[in-house]
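K.L.:
Before I ask anything, here is the structure I am working with.
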Number of protein chains: 2
Amino acid sequence: MKQSKLFTKTQKDALKDEVSTNAQLLIRAGFIHKEIAGVYAYMPLGLRVLENIKKIVREEMNAVGGQEVMMTTLQPKDIWEKTDRWDDAKVDNWFKTKLVNGTELGVGLTHEEPIVDAVSNYLNSYKDMPFAVYQIQNKFRNELRAKSGLLRGREFVMKDMYTFCRNHEQHDQEYEKIVATYYKVYDRLGLGAITYRTYADGGIFTPRFSDEFQTLSEVGEDTIYVDEAKRIAINEEIYTDENLAKLGLNKSELVAKKGIEVGNTFHLESKYTDALGLYYKDEKGEKQSIIMGCYGIGVSRLMGVIAELFADDKGLIWPEAIAPFRVHLLSLNQNEKAQEIYDALNAAGVEVLFDDREVNAGVKFADADLMGMPFQLVVSEKNMRDNRVELKNRKTGAVEYIPLDSSEIVKYFQNK
Amino acid sequence: MKQSKLFTKTQKDALKDEVSTNAQLLIRAGFIHKEIAGVYAYMPLGLRVLENIKKIVREEMNAVGGQEVMMTTLQPKDIWEKTDRWDDAKVDNWFKTKLVNGTELGVGLTHEEPIVDAVSNYLNSYKDMPFAVYQIQNKFRNELRAKSGLLRGREFVMKDMYTFCRNHEQHDQEYEKIVATYYKVYDRLGLGAITYRTYADGGIFTPRFSDEFQTLSEVGEDTIYVDEAKRIAINEEIYTDENLAKLGLNKSELVAKKGIEVGNTFHLESKYTDALGLYYKDEKGEKQSIIMGCYGIGVSRLMGVIAELFADDKGLIWPEAIAPFRVHLLSLNQNEKAQEIYDALNAAGVEVLFDDREVNAGVKFADADLMGMPFQLVVSEKNMRDNRVELKNRKTGAVEYIPLDSSEIVKYFQNK
C-alpha cells in the first residue's frame, strides 16, 4: 500500500486521558481510535494486526478440530436465568438493553448459555461427542474502570471455544489437546518464552484448578509465582501450602512476577448443560450429563500486550507474524526507483507499505520507527550512488545493504 | 470436512414461529440458530456462506481503493447529539445501554458520526482527499417487528463505506466508481440479472436522489418500477410525473415489481462533517466543507435473499461462489473408496463435505438436497461396478458420470 493514500497519519501526542503505553503508541501511530475508555476502533493498520492475530488463532483452533461459529451479541434473558447469571447482583458487568416492547436483552459478555442452547438442537447421543465449537467475536463487559488500553476493554475481541464430552476421560483428552495448542498460538505470536501456563481458581462448580496463560509484564494486573525450570506458574489467588503440595510445586523454586492473562481454560463440568436441560443418551439409552470445557484467548488484548512489550522509545516493534506490513519502503526523493521495487515486492507477495509521501527524510524515519514494521528498506540518492538499498531491522537496529536490483531485493525477502 | 464430525444436523421442521422461507430452510439445514426474532447465530455451514459473501464484498471494496476499518458497537452520545440523531424521537430504532456510572451509550446502528469523528484525527488538507473507508460489521436496529429471517434483522452484518471528497466533482467521480463496483458484487453473487439500480429518496439534506440496489422478489417489501431495457428502476416513494421527467423515464416503459433492497448509496453532502466540525484547508489555506457519500451492502441480508430465491421444494441451492463447500461427497456404504476421493479433492484444494455417516442412502440424498452444495458426488456399489462415480448438479438436476479414478475426478473439478 502507498502511504500517501493511507487516510491515517501519525500524531505527535496521544490523548491526554490515555495513560496506557499500548494505547498511547497505537493511537500516535494511527492504528486505533479511542471511542470511549476501553472502547477502541481499529484503523486500517490496526485492523491488519488484529486480523493477523485472528488468523493465527483460527488456524490453530481449526487444526485442533474446532468448528467455527458466530454467536449473537443480543442475548435473551431466559437462558441466562436458567444458570442464575442474569441478575446484576450475580453478574455485575452486563451491558443490558431493551426491545421496543420493553423486553430486556443482554449484550453478550460471554457465550456459554447461548452455545449450549444452540448445540441442544443437534446433540442427542454419545456418538455425537466429543466436539469443539469456537468463535472469534466482540464481547462487551461493563467494567467500572478501563484505563489499560487494549489490555482491558469494555468492547473487545475474544476467541472463545467450548468442548462437549460424554465423560471426564474424554473431556481431559480434549482439554489437554487444546492447552497444547495454546502454546503454539503464543509461540507463533512471539510470546512463547514469556508466557506461562498458570494454575488458578477453577470456580465454584468444579474441584479442579483452571489454567491461565500469563504473559510476564510489569503492567500485568495479576501476581503469579513462576517455576522457571518447570515452565509453570501458580496464581496468587490459590497460592496456599495445601495447593502447592497438591500441584507438586516447591515454594523455594517459585519467583513472584507480574502477569497479564492472555488466555484461560476452564473445566465447566456439567453446570451449564444440566442447568439448560441438555443431556445425552448413552449406549443403553440412558440419560447422562455432558461435560463441558471452555477456552478463551484475548485477541485484542494480545494486540495490546505485544504493542506494550515490543516497543522502545521510538515506537512500536511488530513481530513479523502479525505486522501490518512486513516491509516499510522509504523513498527519499527517489520515487521512481522505489516504485519499481514496490511493484516487484507486491508482485512477489511481500507485503509492503511504501512511504511515497512528499515529506522530508526525518519525518519518514520517525514515522517508520513509530509504526514499527519489521524491516525498513531505504532508497536514497546516496544509496543509489553506491548501487544499493539500505535495510534496517526495526527490532535490532542492524543495517544491511542489498544490491540495487528489484529481483535481488525480492529474493532477499523470499529467502529470509 | 467429514459430516460425521460436523456438530450440526438437519432438522425435519423449522421453529413454529419462523414464518420466512429463508430462515426456515437455513434452520432446517443447520446453517443458523434463532436466538430471538431477527437475531440469528451462524453455525459452521452458515458462517462459511457469510464469510464467502464478505470475501467477495471485501475484494471489490479493496479493488475500488476502500480502506478497511472496524468501528465500535458501543457509541458515545455526544457525537450523535451534534447531528441530532441521538434522541429516540428522532431516530426510533436505537438500542441503548449504560455504563455502570449511568452514562448512556448507543449500540451502533450505523456509523457516519463515529467515522467522521475518527477521520477528524487525520484529515486536514485538500491533499488528503479523496478517500474511501469501509467496514464489514454487525449493526443493531431495534425493529418493531422482525419476521423475515435474515432479510430484516435486529442484529445483522453490513458493509458500510464512506467517502470523503473536497468538492462535488470529486465526490461524483468516487460515487459512480463505487456504484459500478456494486454491479460487480451482485454479478459475482449470481444476482446481477435480477438486481436493479433504483432511484430513491435522497433524504432531507440533499436535492439528489439516492440509489438503491433492488433484487426482484415476491417477498420484497418495496415496490419499484422497472425499465427493463434501460436496466434501471425507480422506487414507488418518488414515483411522480415530475421525477420521471427529471430521470428521463417513460411511464409506459415501466413495470411494477416487488424488490428487496440489497444495497444503497447516498449523497450525504456536508451534513455530517459540518455538524461535527470537520473541514479542510484548500490551496489558499481557506476552510472548506467536505462532501461525503455513504454506501451500504446488506451482507447477511444477501445470504437470506440467496437462500430465499435459490431454493426449491427440496431445499437450498447455493451458487458456487458462496457455497459452504463446492462438492458434497456421498458415500453409500463405500467409505474406503470415498475416503480416497475425499483426500484427493482436499489435497487439490477442492472444498468438499464428505457424508461418511452411517445412515441410509435416502437420508443422505435428502440432507444433501436440503443443504444445497452445488455438486453431489455419489460413490455407491452400483456405480463402482460400472467403474464410475455419479455427479448430480443440485441446481439443474443433471446427472453426469466420471470414471472412478481420483485424479480424473480432481481434474473434472479443476477444469469446471
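K.L.:
Taking only Cα atoms, what is the 0 to 90° angle, nearest 10, from helix A:335-347's long axis to the longest principal axis of chain A?
P.N.:
40
K.L.:
Once label points are set 7 Å from the Cα along Cα→Cβ at both A:Arg231 and B:Ile194, what is their separation, rounded to one decimal in nm?
P.N.:
Each label point is offset 7 Å from its Cα along the Cβ direction, giving 5.7 nm.
K.L.:
Tabulate in residue order the Karplus-calculated ³J(HN,Hα) for segment A:145-151, using 6.51 cos²θ - 1.76 cosθ + 1.60 with θ = phi - 60°, rounded to whole Hz; enter x for Gly and Pro.
P.N.:
Computed from phi, the couplings for segment A:145-151 are 10, 8, 10, 10, x, 6, 6 Hz.
K.L.:
Okay, moving on. If amide H atoms are built 1.01 Å from N in the plane of the peptide, which residues on other chains or at least 5 residues away come under 5 Å of the amide H of A:Phe95?
P.N.:
Counting only residues 5 or more places away or on other chains, the set is A:Val107, A:Asn142.
K.L.:
What are the residues whose amide H is under 5 Å from the amide H of B:Ile232, where those residues sit 5 or more places off or on another chain and H is modelled from the backbone?
P.N.:
Residues meeting the criterion, in which the H sits 1.01 Å from N, are B:Asp227.
K.L.:
Roughly how tilted is helix A:361-371, in degrees to the nearest 10 and between 0 and 90, from the longest Cα axis of chain A?
P.N.:
10
K.L.:
Counting only Cα, what are the radius of gyration and maximum Cα-Cα distance Dmax of segment B:68-114, in Å?
P.N.:
Here Rg and the maximum Cα pair distance are 10.6, 33 Å.
K.L.:
Given contacts defined as C-alpha pairs under 8 Å and at least six residues apart, what's the relative contact order of segment A:191-254, whole-number percent? Working shown, then result.
P.N.:
Numbers: 87 pairs, mean separation 19.8, N = 64.
That works out to 31 percent.
K.L.:
Using θ = phi - 60° and the Karplus form 6.51 cos²θ - 1.76 cosθ + 1.60, what ³J(HN,Hα) does each residue of segment A:54-67 get, whole Hz, x for Gly and Pro?
P.N.:
4, 4, 4, 4, 4, 4, 6, 5, 5, 4, 8, x, x, 10
K.L.:
Select the chain A residue whose beta carbon lies nearest to the rotation axis carrying chain A onto chain B, and write the distance in whole Å.
P.N.:
A:Thr97, 2
K.L.:
List the distances, in nm and shortest first, from the label point of B:Asn167 to the matching label points in every other copy, placing each point 7 Å from Cα along the Cα-to-Cβ direction.
P.N.:
Taking the point 7 Å beyond Cα along Cα→Cβ, the inter-copy spacings are 7.9 nm.
K.L.:
Once phi is turned into ³J(HN,Hα) by the Karplus curve 6.51 cos²θ - 1.76 cosθ + 1.60 with θ = phi - 60°, what whole-Hz value does each residue of segment A:250-264 show in order, with x for glycine and proline?
P.N.:
Those phi angles translate into 10, 3, 5, 9, 9, 10, 6, 9, 8, x, 10, 6, 9, x, 7 Hz.
K.L.:
Could you list B:Val359, A:Val157, B:Val39 so that the one with the fewest beta carbons within 10 Å of its beta carbon is first and the one with the most is last?
P.N.:
On the way: B:Val359 12, A:Val157 23, B:Val39 20.
Fewest to most other Cβ atoms nearby, the residues stand as B:Val359, B:Val39, A:Val157.
K.L.:
Return the subset of B:Lys251/B:Lys271; B:Lys147/B:Lys258; B:Lys54/B:Lys139 for which the Cα-Cα distance in this structure is over 24 Å, preserving the input order. Please list the in-between numbers first.
P.N.:
Values: B:Lys251/B:Lys271 34 Å; B:Lys147/B:Lys258 17 Å; B:Lys54/B:Lys139 15 Å.
Exceeds cut-off: B:Lys251/B:Lys271.
K.L.:
Another question, if that's okay. As I understand it, the dipole of chain A uses +1 on the Cβ of Lys and Arg and -1 on the Cβ of Asp and Glu, about the Cα centre. Which of A:Gly30, A:Gly220, A:Val262 lies farthest toward its positive end?
P.N.:
A:Gly30
K.L.:
Averaged over its residues, how many other protein chain Cβ atoms are within 10 Å of peptide A:34-43's Cβ atoms?
P.N.:
Values: counts 3, 12, 9, 1, 2, 6, 3, 10, 7, 10.
Taking the mean over all residues of the peptide, I get 6.
K.L.:
Further, regarding this structure: Let me know the longest stretch in chain B that avoids all GluC sites (Glu not before Pro) found in a DSSP loop with at most 11 other C-beta atoms within 10 Å. List each step's numbers first, then the result.
P.N.:
Values: sites that count: B:Glu218, B:Glu283, B:Glu286, B:Glu358.
Within chain B, the longest run free of exposed GluC sites (Glu not before Pro) spans B:1-217.
K.L.:
Further question on the same structure: Residues with amide H under 5 Å of B:Val262's amide H, sequence separation 5 or more or different chain, H placed in the peptide plane at 1.01 Å from N; which?
P.N.:
The answer is B:Phe213, B:Gln214, B:Thr215.
K.L.:
What percent does the relative contact order of chain A come to when contacts are Cα pairs within less than 8 Å and at least six residues apart?
P.N.:
Computed value for chain A: 16 percent relative contact order.
K.L.:
Which net charge results for the neighbourhood of A:Ser300, defined as the other residues with beta-carbon distances under 11 angstrom from its beta-carbon, given Lys and Arg at +1 and Asp and Glu at -1?
P.N.:
So the environment of A:Ser300 carries a net charge of +4.
K.L.:
Along Cα→Cβ at 7 Å, what distances in nm separate the B:Ala63 label point from those on the other copies, shortest first?
P.N.:
Going from nearest to farthest copy, the values are 3.3 nm.
K.L.:
Here is a further query. Note down, for segment A:325-415, the three equivalent ellipsoid semi-axes (square root of 5 times each alpha carbon gyration tensor eigenvalue), biggest first, whole angstrom.
P.N.:
Sorted largest first and rounded, they come to 17, 15, 13 Å.
K.L.:
With a 10 Å cut-off between alpha carbons and a GNM built on chain A, which of A:Leu247, A:Leu109, A:Leu329 moves the most?
P.N.:
Evaluated over chain A, the most mobile residue of the options is A:Leu247.
K.L.:
If each residue's Cβ is checked for other Cβ atoms within 10 Å, how do A:Val91, A:Val389, B:Val352, B:Val399 rank with the fewest at the top? Show your work: numbers first, answer last.
P.N.:
Details: A:Val91 17, A:Val389 27, B:Val352 22, B:Val399 11.
Ascending number of Cβ neighbours within 10 Å: B:Val399, A:Val91, B:Val352, A:Val389.
K.L.:
Treat the count of other C-beta atoms within 10 Å as a stand-in for reagent exposure and order B:His168, B:His267 from fewest to most.
P.N.:
The fewest-first ordering by Cβ neighbours comes to B:His168, B:His267.
K.L.:
Between copies, how close do the A:Lys314 label points come, placed 7 Å along Cα→Cβ, listed in nm from shortest?
P.N.:
In ascending order, 6.5 nm.
K.L.:
Expressed in whole Å with the largest first, what are the equivalent ellipsoid semi-axes of segment B:329-368 derived from the C-alpha gyration tensor as the square root of 5 times each eigenvalue?
P.N.:
They are 19, 11, 5 Å, listed largest first.
K.L.:
Round to the nearest 0.05 the FRET efficiency obtained for A:Lys2 and B:Asn243 when R0 = 60 Å and r is the Cβ-Cβ distance.
P.N.:
Efficiency, rounded to the nearest 0.05: 0.90.
K.L.:
Which FRET efficiency value, to the nearest 0.05, do you get for B:Lys16 and B:Asn360 by plugging their Cβ-Cβ distance into 1/(1 + (r/R0)^6) with R0 = 30 Å? List each step's numbers first, then the result.
P.N.:
Details: r = 28 Å, r/R0 = 0.94.
Calculated transfer efficiency: 0.60.
K.L.:
Given the options A:Arg85, A:Arg154, A:Arg166, which has the most mean-square fluctuation in a GNM of chain A, springs set between C-alpha atoms less than 10 angstrom apart?
P.N.:
Evaluated over chain A, the most mobile residue of the options is A:Arg85.
K.L.:
Taking every DSSP beta bridge with both residues inside the protein assembly as shown, roughly what % is antiparallel (nearest 5)?
P.N.:
Numbers: 142 of 174 bridges.
About 80 percent, rounded to the nearest 5.
K.L.:
Could you work out the mean count of beta carbons from other protein chains within 10 Å of each residue's beta carbon in A:121-130?
P.N.:
3
K.L.:
Still on this structure: Which angle from 0 to 90°, rounded to the nearest 10, does the C-alpha axis of helix B:168-188 make with the longest principal axis of chain B?
P.N.:
10
K.L.:
Output needed: percent of Cα pairs per 5 Å distance bin for segment B:21-312, bins running from 0 to the one holding the longest distance.
P.N.:
The calculated distribution, bin by bin, is 1, 5, 11, 14, 17, 17, 15, 10, 6, 2, 1, 0, 0.
K.L.:
Among B:Lys34, B:Lys246, B:Lys257, whose mean-square fluctuation peaks in a Gaussian network model of chain B (Cα, cutoff 10 Å)?
P.N.:
Ranking B:Lys34, B:Lys246, B:Lys257 by mean-square fluctuation puts B:Lys246 first.
K.L.:
Moving to a separate point now. Starting from the Cα gyration tensor of the protein assembly as shown, multiply each eigenvalue by 5, take the square root, and state the resulting semi-axes largest first in whole Å. Numbers along the way, then the final one.
P.N.:
Working: eigenvalues 314, 294, 179 Å².
Semi-axes from the Cα gyration tensor: 40, 38, 30 Å.
K.L.:
Report the Cα centroid-to-centroid distance between segment B:29-61 and segment A:268-345 in angstrom, as an integer.
P.N.:
21
K.L.:
Per DSSP H run of n ≥ 4, the term is -39500 (n - 2.57); total these for the protein assembly as shown, divide by its residue number, and report the mean residue ellipticity at 222 nm rounded to 500 deg cm²/dmol.
P.N.:
Numbers: 24 runs with 250 residues, N = 832.
The per-residue figure over the protein assembly as shown is -9000 deg cm²/dmol.
Since every read-out is calculated from the coordinates, none of them should be taken as a lab result. Note that the structure is a prediction, hence the values are computed from the model and not measured. Counting neighbours? That spans all protein chains shown, and the Cβs are built from the backbone with ideal geometry, glycine included.
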